[in-house]
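K.L.:
Mind looking over this structure? Questions follow.
The values are calculated or read from the model by the stated rules, or taken from the named source; none is laboratory data. All figures in this text were calculated on a predicted structure; none of them were measured in a lab. Here Cβ is always computed from backbone atoms with ideal geometry, including for glycine, and neighbour counts include all displayed protein chains.
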Amino acid sequence: MRLPVGLSDFRELIKGNYIFADKTHLIRDIIDDGAKIILITRPRRFGKTLNLSML
């Protein structure tokens, strides 16, 4: 198993047998919120693209 340094696509993580643990609960919060539009304000390199690719 490898660490996903620099990857931003969840599909690549799964297919590439990488280690990944999402401890942010962002996905659960997005699903539970039910809003049509969501603004995600996080700094660079904080997994915005990766989290959205998991949806």
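K.L.:
Residue pairs, Cβ under 8 Å, 6 or more apart or interchain, first in the stretch 19-48 and of a type in the set (S, T, N, Q), second surrounded by 10 or more Cβ atoms within 10 Å (Cβ to Cβ). List them.
P.N.:
Within 8 Å, the pairs are T24/G47; T24/N51.
K.L.:
Looking only at the stretch 16-55, which residues are under 23 Å from L3 (Cβ atoms) and among the small types (G, A, S)?
P.N.:
Of everything in the stretch 16-55, those that are under 23 Å from L3 (Cβ atoms) and among the small types (G, A, S) turn out to be G16, A21, G47, S53.
K.L.:
Looking at (1) modelled with pLDDT of 85 or more; (2) over 14 Å from L55 (Cα atoms), can you tell me which one D9 breaks?
P.N.:
Condition (2) is where D9 drops out.
K.L.:
Separate question: Looking at the chain, what helices (runs of 4 or more DSSP H) fall wholly within it and have at least 2 residues that are loosely packed, with under 13 Cβ neighbours inside 10 Å, under 13 Å from the mean Cα position of the chain (by Cα) and not β-branched (V, I, T)? Write out each step before concluding.
P.N.:
Values: elements: 10-15, 26-33, 48-54.
Per the criteria, 26-33.
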